[in-house]
Amino acid sequence: MLRALAVDDERPTLEELVYLLNADPRIGAAEGASDATEALRRINRALESGPDGPDAIDVVFLDIQMPGLDGLDLARLLTGFARPPLVVFVTAHEDFAVQAFDLDAVDYVLKPVRRERLAEAVRRAAEQRGATPPSPRIPVHEPDPDHITVELGGVARFVPVDDITHVEAQGDYARLHTDKGSHLVRIPLATLEERWRARGFVRIHRRHLVALRHIGELRLDAGTVSVLVGTEELQVSRRHARELRDLLMRRP
């Protein structure tokens, strides 16, 4: 059973998060802290108590944007501890995902928090902490191969794959770019490369996957190669340049 600490400066959000955590059968006890400073005091007390002590904390569900010491600051401090609790970020902003996973976060949950999404974060924390044996994942199938499911404001939406111009790696996540905006999904770039190779997506860089049909120009300048995708110019690495040129030459 995991012992959890939720940290959020918005009281209604904190109370809802603590309620949802306590309703999860894998959580033995969950309590709340209204800011990072209070959370740090609580975590220090937990470390003094020891991993099996009455005040121990296994996982912190942490908001990012808070007055004073923010969630990223707190997570950085925790990396210096001998046996820090696991961290799950819970935030309304998707822009901090790369920094979060650089800090070895277990998960990154977007607000408003859905019970099912929070349960997945708890599952990951439980498996990593060894509180429960790993359970087989239920395969998540896309509604059809022409769409990918993204989460936006707590709502699942289906984005047509043909609308995606390029994909950018961001840690364990990938950012899908379309003409109307971008979406963050927890799928590694390598997985999308394999899944969408037959749909005309090609790797041009270790961080970028591009849809051939959306490439407007191939540019050569002083030995460097880049492509124009919409209004954005993307660098092509040397190892991928020849393959890309060949594919564009054969493009109808």
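Rule-based calculations on the coordinates, nothing more; no lab input. Owing to the predicted nature of the structure, the values given are computational and were not obtained by experimental measurement. Don't worry about glycine lacking a Cβ; one is built from the backbone with ideal geometry, like all the others, and counts go over all protein chains shown.
If you plug each phi of the range 43-58 into the Karplus form 6.51 cos²θ - 1.76 cosθ + 1.60 with θ = phi - 60°, what whole-Hz ³J(HN,Hα) values come out, in order, with x for Gly and Pro?
Taking θ as phi minus 60°, the curve returns 5, 4, 5, 5, 5, 5, 6, x, x, 10, x, x, 9, 5, 10, 8 Hz for the range 43-58.
Karplus couplings for the range 26-35 from phi (6.51 cos²θ - 1.76 cosθ + 1.60, θ = phi - 60°), rounded to Hz, Gly and Pro as x?
3J(HN,Hα) across the range 26-35, in whole Hz: 8, 9, x, 7, 9, 10, x, 9, 8, 7.
Please report, in debye to the nearest 20, how large the charge dipole of the range 2-130 is about its Cα centre when each Lys and Arg carries +1 at its beta carbon and each Asp and Glu carries -1 there.
For this selection, approximately 380 debye.
List every residue whose amide H lies under 5 Å from the amide H of LYS111, counting only residues 5 or more places away in sequence or on a different chain, with H placed 1.01 Å from N in the peptide plane.
Those qualifying (amide H under 5 Å, at least 5 residues apart or on another chain) are THR91, ALA92, HIS93.
Compute, for the chain, the length of the dipole vector about the Cα centre, with Cβ point charges of +1 (Lys, Arg) and -1 (Asp, Glu) only. Units Debye, rounded to 20.
1060
Based on Cα coordinates alone, diagonalise the gyration tensor for the range 160-249, multiply each eigenvalue by 5, take square roots, and list the semi-axes in whole Å, largest first.
Those come to 20, 14, 13 Å.
From the residues ILE204, HIS183, TYR173, which one has its Cα farthest along the dipole of the chain in the positive direction, the dipole being from +1 and -1 charges on Cβ of Lys/Arg and Asp/Glu about the Cα centre?
It is ILE204.
Taking H as built 1.01 Å from N, whose amide H comes closer than 5 Å to the amide H of HIS147, not counting residues under 5 places away?
VAL161
Of the options GLY130, GLY230, ALA241, report the single residue whose Cα projects farthest towards the positive end of the charge dipole of the chain (beta-carbon charges: Lys, Arg +1; Asp, Glu -1).
Result: ALA241.
May I ask you to evaluate 6.51 cos²θ - 1.76 cosθ + 1.60, the Karplus curve with θ = phi - 60°, for each residue of the range 186-200 and list the ³J(HN,Hα) values in order in whole Hz, giving x for glycine and proline?
Working through the residues one at a time gives 8, 9, x, 4, 4, 5, 5, 4, 5, 5, 10, 4, 6, 9, x Hz.
Which whole number of Å³ per residue matches the convex hull of the alpha-carbon atoms in the range 2-130?
Residue-normalised Cα hull volume stands at 93 Å³.
Specify the angular offset, from 0 to 90 degrees and rounded to the nearest 10, of the alpha carbon long axis of helix 115-129 from the longest principal axis of the alpha carbons in the chain.
80
Counting every Cα pair in the chain, what percent are over 28 Å apart?
43
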